[in-house]
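Have a look at the structure below before the remarks.
The values are calculated or read from the model by the stated rules, or taken from the named source; none is laboratory data. Predicted model, so just to flag it, every value in this text is computed and none were measured. Backbone-built Cβ (ideal geometry, glycine too); neighbour counts: all protein chains shown. All accessible areas refer to the heavy atoms of the entire protein, side chains included, with ligands and DNA or RNA removed. Shrake-Rupley method; radii C 1.70, N 1.55, O 1.52, S 1.80 Å.
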Amino acid sequence: DIFFLIFIIFLFLYFLLGLSPLTSADVLDYHVGTALNILRFDKYILLSEWFTSLQSGGGEVLIALGLSVGSEQFGSLVQFSSILTISGVILKFSENQKIFSSKYFLILLILSCPILIFLLSGNKPQIFYSSLILLALSLNFIKLDNEKDILISYLIINILICCAVIGKFSFNLSGFLIWAYSTINFINKKNFLKILSIPLIVFILIYFPFIFW
C-alpha cells in the first residue's frame, strides 16, 4: 500500500543520509576527537582543559572502531541499522495490536520526526542506545512459560539497559523505568532470589568498572 511505499522511501533516504560526510559541530569536536585520541594513544583520555571532551561516553569506542578501518560513516551506519531495529519492533507491535488501518502508520510517525535527521547525520550512536532501550522493553511482551527463558530474558534486559546507560547517561531514567517494570513483570515466588541477583551481577560486571574508572 501507499504507507509501505513511503516507508521504503524513508529508509532509503535515511541510508543516503548515513553515507553523507560529518558536519555536526559537536561530532567534529569531541565525538570524533575523542575517538581519534583512543586510536592515537591506545586509551581513553579525558582532558580538563578540553571541556566538551568530558561529555563523551562509551559510544566513542564505536566511532574509533570505524575510524580504525578508514570508515568515517561507520557510526552513522550503526545509527541506520538501529532505525531498522526500531522499525522491526514497532511493526511487530502494530501487527499484533492492529491499532491503525496500516501497520506502517505508527513507524512512519516516528521516522518523520525531524530530530532523526540531526542524529543520523552524525556518528554519535544515540539512536543505537534508543534501540537497545526499545528492545529491552519489547522483551517484556514475549510470552515465556519456561523459567529458564524468563531468567535469560531478564538478564538480556539488564545488559541492554546497562549498555545504554553507559553509552549515554540520559537514558538512566527510561532505563530505570523499564528495569522496574521488567522486574515486576518477571518476578515470582519461585525465582525471587535469582531475579534480584541478576541486576546485582550485571551491575558489578558491567557498570561498576565504568563508574570506578
Among the residues of region 1-24, is there at least one that is over 23 Å from SER112 (Cα atoms) and either basic (Lys, Arg) or open to solvent by less than 50 Å² (accessible area, probe 1.4 Å) (or both)? no
Take region 94-113 and flag every residue that is modelled with pLDDT under 85, under 21 Å from ALA136 (Cα atoms) and open to solvent by 30 Å² or more (accessible area, probe 1.4 Å). GLU95, ASN96, GLN97
Please find, within region 31-66, the residue that is least open to solvent (accessible area, probe 1.4 Å) out of those that are of a type in the set (S, T, N, Q) and at pLDDT 85 or above. THR34
Does SER81 meet the test of being open to solvent by 10 Å² or more (accessible area, probe 1.4 Å), outside any helix (DSSP H, G or I) and of a type in the set (S, T, N, Q)? no
Which residues, counting only those in region 190-213, are more than 13 Å from LEU155 (Cβ to Cβ) and open to solvent by 80 Å² or more (accessible area, probe 1.4 Å)? LYS190, PHE192, LEU193, ILE204, PHE208, ILE211, PHE212, TRP213
